[in-house]
Every structure is written in structure tokens, then in C-alpha cells.
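Notes follow the structure.
Just so it is clear, none of the values below were taken in a lab; they were calculated from the coordinates. What you see is a predicted model, and the numbers here were worked out from it, not measured in a lab. Cβ atoms come from the backbone with ideal geometry, glycine included; neighbour counts cover every protein chain shown.
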Amino acid sequence: MFTKKDTVKAILRNSELNLKEMGSAFAPSNIALCKYWGKRDRELNLPINSSLSVSLADLGTATEIKLSDNHFDEVFLNNERVSPESRFYRRVIDFVDLIRPSNDLNLKILTFNSIPTAAGLASSASGFAALTMALNDFFGFKLSNEDMSVLARMGSGSASRSIYNGFVKWNKGSNENGLDSYAELIPTVWDELRIGIVEVTAEEKKVDSRNGMNQTVETSHLYESWPKQAADDLDKIEYAIREKDFELLGKTAEQNACSMHATMLSGFPPLIYWLPETVATIHKIHQLRSEGLPIYFTIDAGPNVKILFEESVEEVVKNQFSGIKIIKPF
Ligand code: 2P0
């Protein structure tokens, strides 16, 4: 079996250590229009299906890395020291341990999130992408985006997509070693596209995505139909992006998200990330759409709703959904 360490060895085989005083990077968060849901390899985070996302511009994670003045690793999140006992610290340092060339290099890692942590807005995606890019910068490895995408993927699957801005496709790959499972940029610019985030709650969810997707794959009979649906949706979304066909993009993304949630509902115990306000927001979107407003939604493994629309209806959307945060991805 191929391990994470084997992957790092393969990626770094031609890289030389060229330590800088400080490494830094910013990575955007991303929202999938065709979702990643289910792993074929849990050690390497290899997905069952390919996925496609759009990055969220300046909403994401900035990371700075330097040598620690102490004989231990230090992690800060939004200027506050993170306890070495916490899950956050462990996940960061386990990842750093994979990549750092020597255990003598104790690091000080400063992480700044411009999104609420664990509010269904994929902070692990931007977090591991920024950490990967900042480590690459600090150690002077000069890795390609594809190589960094492979590394980030091992921290969190969706992080493979947060290496880039804009539309991003994560090819599932077929190789057991996962070296062909990385994300690539789709170089289409869609200036008019907007994403509105309706934050139903900023509370941490009870079942994280990782456990949610594993539980679904193990127990949902509907999951069988998911890989084919995801592949078909991906084709449609790529076509919609190429043709700038907003209706096709919106309705495919909405159906893809609802199908993913259907697989969660049909597992056991049923996994229901939606709250009453989530459902109310969905009904409101459908009502407005039936009145002629071209808006669609997508929802990740959480209760928050992301509304997809174009610039021409921005004012109407703002007035209809109070407190909505509107993002211009391009
Ligand atoms: C996505 N999600 O494509 C899907 C849709 C959530 C729902 O990727 O176990 O945190 O770290 O690989 O990346 C969230 O899953 O899971 C996710 P791991 P991750 O955005």
C-alpha cells in the first residue's frame, strides 16, 4: 500500500532544500459545483468521483511560516496560540511532519482565516492549501501547482482545489499511488458570476465531512448511483462554463448538491445537515425562481446555503436575503 510518506518522497525527489527566513501564502476557500463525496482511499484522500469548484477570491486562509525560537512547534490561529492538545494543532503538525525535511526544524506557523472555521465553508480546504504553499515557499522547494495539489489533498481532499483561483477541476485519477489525483485550473473567466452566502449558523457541525462521507459510503444504498451522476454533472458543468450557460450551470449544481444530500439522508443513522432555516431558504429561492428570478443554490456538508446568480440581479438578491455575503469570484 502506498502511504502519505511515499507520496511526499515521490513529489520531493527532485527538490532541493533552500530555506528562507519566512514562507508565506494565501489560498482561497472554494465551493464545489460538482461535489467530492466519497473516498476510494482514506489514507491518501483519493476520491471516488472527480469534482469541480469555484474559488472564493479573498475569502480564505493566509499562512506564514518561520523557525520557532523555542524547541517545539507553535501554531497560531487569528493571532491566538493554539493548544498542542487540540485537534487543529495535531492536524497541522501531522501534515508538517510529512513534509519537513528534518525534525530539528521547529516551526512557528501563523494562520489567518477570513472565514468562520468549520461553518461549512471549507476552512480545511483553504487551510491545507495555504499551509502547503507556505511550506513550499519556506523550504524553497519550487514545486509545481500540480505537485502542491497532490500534497494539499492529503491534508484535506477539497484542499487540492484551493491551490488555484477561479474554476478548478479535481481529476479523481486512477493510479493507486494517487499521483494522478490532483486539481487543475479551468482557464475561463466569468466576470458576471456571483455567489451569495446565507449563513444559517456559524456553529461547528456535529459530524464533520470526513466522517459524514465515510458513513454515507458505508451505509447508503443510494450511494451506488452517485459516481455516475457526479460524472454526468461534471460534464454538464464543464460545458456550461465553456458556453457561459448560467441556467445549465445553476440547475446542474443545485441537483448535484441535493443528490449528495439524498445519499446522506438514506444512510444510517441518517445524516441531516440542514436546519429549519436551510429549508426555508431553499423554499424562498424556489419561490423567487418561479417568479422569474434566475437564482440557484448549492449546499455543502453543513446548513449554510450558497446562492448562485449573475451580476444583473445582485441588487434584488441583496434585498431579498438580509445579511447575505456576496462574493465576486472573478
Ligand atoms: C466538496 N465537501 O466537494 C465536498 C462537498 C463537503 C461536501 O470536500 O476528509 O473536508 O478532508 O478529504 O475535503 C469536504 O470534505 O474532506 C468536502 P477530507 P473535506 O467540497
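Cβ crowding within 10 Å, taken as a proxy for footprinting-reagent exposure, orders F139, F268 from fewest neighbours to most as F268, F139. When you filter the GluC sites (Glu not before Pro) in segment 284-315 for DSSP loop state and at most 15 other Cβ atoms inside 10 Å of their Cβ, you are left with E291.
From the P(r) of segment 6-95, could you give the percentage of C-alpha pairs in the tail past 16 Å? Within segment 6-95, distances greater than 16 Å cover 74 percent of Cα pairs.
For segment 270-284, the Karplus equation 6.51 cos²θ - 1.76 cosθ + 1.60, evaluated at θ = phi - 60°, returns couplings of x, 9, 10, 7, 6, 10, x, 5, 5, 5, 4, 5, 4, 4, 5 Hz by residue, with Gly and Pro reported as x.
For segment 1-68, applying the loop criterion from DSSP together with a ceiling of 12 other beta carbons within 10 Å to the GluC sites (Glu not before Pro) yields E16, E21.
Between R42, R13, R81, the residue with the greatest mean-square fluctuation in the GNM of the chain (Cα pairs under 10 Å linked by springs) is R13. Were the residues from K244 through I282 laid out at 0.36 nm apart, the gain over their Cα-Cα distance would be 11.3 nm. The slack between A231 and N175, meaning 0.36 nm per residue of separation minus the straight C-alpha distance, is 18.4 nm. Between A202 and E314, the C-beta separation translates, for a Förster distance of 25 Å, into a calculated FRET efficiency of about 0.60.
Extending 7 Å from Cα along the Cβ direction at E218 and again at S322 yields two label points whose distance is 4.4 nm. Percent of Cα pairs in segment 201-247 per distance bin of 10 Å, from zero to the largest separation: 21, 30, 29, 20. For segment 215-228, 3J(HN,Hα) computed residue by residue from phi via the Karplus equation (6.51, -1.76, 1.60; θ = phi - 60°) reads 4, 5, 4, 6, 10, 9, 6, 6, 4, 3, 8, 5, x, 6 Hz, glycine and proline entered as x.
Counting every alpha-carbon pair across the chain, the share separated by more than 28 Å comes to 40%. When M22, M133 are sorted by how many other C-beta atoms sit within 10 angstrom of their C-beta, beginning with the fewest, the order is M22, M133. Between the amide H of V305 and those of V198, V200, distances stay under 5 Å, these residues lying 5 or more places away or on another chain, with hydrogens modeled in the peptide plane.
With charges only on Cβ, +1 for K and R and -1 for D and E, what is the dipole size of the chain about its Cα centre, in debye, rounded to 20? Each step should come with its number before you reach the end.
Details: 36 positive and 44 negative charges, 91 e Å.
Charge dipole, the chain, about its Cα centre: 440 debye, nearest 20.
Estimated from helices alone, the mean residue ellipticity of the chain at 222 nm is -11500 deg cm²/dmol (sum of -39500 (n - 2.57) over DSSP H runs with n ≥ 4, per residue).
How far, in nm, would the chain grow between F2 and D58 when pulled straight, counting 0.36 nm per residue and subtracting the alpha carbon separation? Mind showing how you got there, number by number?
Working: separation 56, 0.36 × 56 = 20.16 nm, distance 3.52 nm.
Result for the pair: 16.6 nm of gain on full extension.
Using a Gaussian network model on the chain with a 10 Å cutoff between Cα atoms, which of K35, K169, K205 fluctuates the most? Sorting by GNM fluctuation, first place goes to K205. When all alpha-carbon pairs of segment 232-330 are counted, what percent fall beyond 22 Å? More than 22 Å apart: 33 percent of the Cα pairs in segment 232-330.
Using the 10 angstrom Cβ neighbour count as an exposure proxy, how do H71, H221 rank, fewest first? Walk me through the numbers before you get to the answer.
Values: H71 7, H221 10.
Listing H71, H221 from fewest to most nearby Cβ atoms yields H71, H221.
Segment 1-155: D in µm²/s via Stokes-Einstein (Kirkwood Rh, Cα pairs, 37 °C, 0.692 mPa s)?
Working: Rh = 16.0 Å.
Taking Rh from Cα pairs, D becomes 205 µm²/s.
Mind checking segment 65-109 for chymotrypsin sites (Phe, Trp or Tyr not before Pro) that DSSP puts in a loop (not H, G, I, E or B) and that have at most 15 other Cβ atoms within 10 Å? The qualifying sites are F72.
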